[in-house]
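See structure below.
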Amino acid sequence: MRTQLLIGGEWREGADGKRIEVVDPSTGEPFAEVADGTPADAVAACEAAEAAQRSWATTAPRQRAEILRACWQHLLDHTDELAELIVKENGKPLADAKGEVAYAAEFFRWNAEETVRIRGELAVAPAGANRMIVHHPPVGVVAMITPWNFPAAMMTRKLAPALGAGNGVVVKPPKQTPLTALRVVDLLQEAGVPAGLVNVVTTNDAGSWFDATIGHRAVRMLSFTGSTEVGRKLLVGASGRVLKTVMELGGNAPLVVFDDADIAAAVEGAMLAKMRHSAETCTAANRFYVEAGVADEFTERFAEAMAAVAVGNGMEAGVGCGPLIDAKALDSVSGLVDDAIGEGAKVVTGGARLDRPGYFYEPTVLAGVRHGTKITREEVFGPVAPVISFTDHDEMIDQANDTEMGLAAYVFTRDLAKGLAVSERIQAGMVGVNRGVVSDPAAPFGGMKQSGLGREGSTDGIYEFCETQYIATNW
Ligand code: SIN
């Protein structure tokens, strides 16, 4: 297990020797420690990335691509080890953790393919006087702040395109799940990523890390995945040096079930949209708008499926939902359910914490929820599904859009034309039609409104880590 900072290809303790405890959310007990990086470590990481990036930027794209492809294979070869680390520090069920490792690795394969396809343009200027050449050099050094809900995949979704485009990187993983990040970058170095190109500073003092990193002259870009609240503050900080930013922020996804939907498929999709990775995803369905004619049937069948999910330690066979990440998350979920009940919602299943150590909450379905109550306005980030019945389609779409968030949405109907027309009216960066999962490394991941800026994955993702340079020339 790696527990030190990675700076300039060397593993080392933080400058003042302090350490941070890592807690197992299924017990609430610390089980490991990692180095607590200081601002001086952050500066050293930026300098190492800057030094390594110079030669990486001029390394042939094919060679960079081959290294990325080797990373894909090497991560897959370590699936069991990485998945167990993810379960230990994040809590998600082992099957989800293995799925996450495959997802994390796939960003390297996809971006290996994109690395050799970064295109430019050549045009004759409209006046005919000269040629216009446009090309896409790397940004330079990129600072990354990654979340705890996908300790491997949310980091590789940034790392793989950043490296493919020719950048150096400094990463701050979350203090809840640093061990996976450290082992992933260890494996990347084993697979051939040059020393110093990727640097990792774990820290208990995110604010000081941020100021030191963002203030460093070599850093030209910030890529963040996390809450909208934190994202707003980081954007203010990044504006001081006019940094390029990619922000993957919070969601509040509506899931719509029309009365012509295949209800079995809608329940299956709703389970995926709500419960994958212990219901702690930004894309998770947060509000379930169900047409009145099928509201009772859908709610009953959905509640049966939710009640059948085994909650427990992610390493135990058969467990489908692990603990929440920490006590604060548990209090937040529990508070939202209590508030909804106070507003007249009825508990169909669940509705309580588990009486055991760790941060467990029962898979919960609430019926009779009113649009506009707190649970429909805030991102739940836990296994709770508020169901809101609707009759008027236009009013439902207004309600689905009545949020500052616009990351994902889901629509279930047998009428594909209706599904597509409704999708176009929903203000979300990603819409699943008769599907409970939208994420794919080959698709543009990102949100509208306050759910973010820029896109990750797809062909767009690698260009986010590039500059655009135009050269006017005569020949
Ligand atoms: C997230 O929760 O931020 C990402 C979810 C995903 O990629 O599926």
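We did not get these values from a lab; they are worked out from the coordinates using the rules stated. It should be emphasised that the depicted structure is a prediction, and the values quoted were computed from it without experimental measurement. A quick note on method: Cβ atoms are made from the backbone with ideal geometry, for glycine too, and the neighbour counts reach across all protein chains shown.
Rounded to the nearest whole Hz, the Karplus-based 3J(HN,Hα) values (6.51 cos²θ - 1.76 cosθ + 1.60, θ = phi - 60°) of region 408-425 follow the sequence 10, 7, 9, 9, 10, 6, 7, 9, 4, 4, 5, x, 6, 5, 5, 4, 5, 8, with x at glycine and proline.
Taking a ≥ b ≥ c as the square roots of the eigenvalues of the Cα gyration tensor of the chain, is the shape rounded (a/c under 1.5), prolate (a/b larger than b/c) or oblate? Oblate shape, in that a/c is at least 1.5 and b/c is the bigger or equal ratio.
Shown in residue order for region 379-385 are the 3J(HN,Hα) couplings computed by the Karplus curve 6.51 cos²θ - 1.76 cosθ + 1.60 at θ = phi - 60°: 6, 6, 6, x, x, 10, 10 Hz (x for Gly and Pro). As a proxy for reagent exposure, ranking TRP209, TRP475 by other Cβ atoms within 10 Å from fewest up yields TRP475, TRP209. Sequence-distant contacts, meaning Cα pairs under 8 Å at least 6 residues apart, place the relative contact order of the chain at 19 percent. Within straight cross-link reach of LYS88, meaning Cα distance under 17 Å, which lysines are found once same-chain residues fewer than 8 apart are removed? The qualifying lysines are LYS98, LYS175.
Which FRET efficiency value, to the nearest 0.05, is calculated for ILE341 and LYS233 with the Förster distance at 35 angstrom and r the Cβ-Cβ distance? Efficiency at R0 = 35 Å is approximately 0.60.
The distance from the alpha carbon centre of region 301-352 to that of region 196-269 is 25 Å, rounded to a whole number. Against the chain, whose longest principal axis is taken from its Cα atoms, helix 228-239 shows a tilt of about 20°.
Remark on VAL22: its backbone amide H falls under 5 Å from those of PHE31, ALA32, GLU33, VAL34, a criterion applied only to residues 5 or more positions apart or on other chains, H modelled at 1.01 Å from N. Of all DSSP bridge pairs formed entirely within the chain, close to 45 percent run antiparallel.
What's the exposure ranking of LEU420, LEU197, going from fewest to most Cβ atoms within 10 Å? Please report the intermediate quantities before stating the final value.
On the way: LEU420 13, LEU197 27.
Ranking LEU420, LEU197 by Cβ neighbours within 10 Å, fewest first, gives LEU420, LEU197.
Taking the Cβ-Cβ separation of ARG425 and ASP260 as r and a Förster radius of 22 Å, what is the calculated FRET efficiency to the nearest 0.05?
On the way: r = 17 Å, r/R0 = 0.79.
For ARG425 and ASP260, the calculated efficiency is 0.80.
In plain terms, the residue of ILE86, ILE118, ILE145 with the fewest other Cβ atoms within 10 Å comes first and the most crowded comes last, giving ILE118, ILE145, ILE86.
Taking the square roots of five times each eigenvalue of the Cα gyration tensor of region 146-254, the equivalent ellipsoid has semi-axes of 21, 17, 14 Å, listed largest first. Calculate how steeply helix 94-115 sits against the longest principal axis of the alpha-carbon atoms of the chain, using the helix alpha-carbon long axis, and give the answer as 0 to 90 degrees to the nearest 10. Between the helix axis and the principal axis of the chain, the angle is about 40 degrees.
Quick one: length gained pulling ASN130 to LYS374 fully straight, 0.36 nm per residue minus the C-alpha distance? The partial results should precede the final answer.
Numbers: separation 244, 0.36 × 244 = 87.84 nm, distance 5.92 nm.
That pair, ASN130 and LYS374, stretches by 81.9 nm at full extension.
Centre-to-centre separation between the Cα atoms of region 44-105 and those of region 107-130: 26 Å. Using the beta-carbon distance between ASP186 and ALA57 and R0 = 30 Å, what value does 1/(1 + (r/R0)^6) give for FRET efficiency, to the nearest 0.05? Rounded to the nearest 0.05, the efficiency is 0.80. A helix-only calculation puts the chain at -12500 deg cm²/dmol for mean residue ellipticity at 222 nm, using -39500 (n - 2.57) for each DSSP H run of at least four residues, averaged over all residues. The amide H of LEU324, built 1.01 Å from its N in the peptide plane, has TYR359, PHE360, TYR361 as neighbours under 5 Å, considering only residues 5 or more places off or on other chains.
Tell me whether region 1-87 comes out rounded, prolate or oblate; compute the Cα gyration tensor, take square roots of the eigenvalues as a ≥ b ≥ c, and use a/c under 1.5 as the rounded threshold. All intermediate terms of the calculation are to be shown ahead of the outcome.
Details: a/c = 3.82, a/b = 1.27, b/c = 3.00.
Since a/c reaches 1.5 but b/c is at least a/b, the shape of region 1-87 is classed as oblate.
For the chain, the longest principal axis of the alpha carbon atoms and the long axis of helix 178-190 meet at an angle near 40°.
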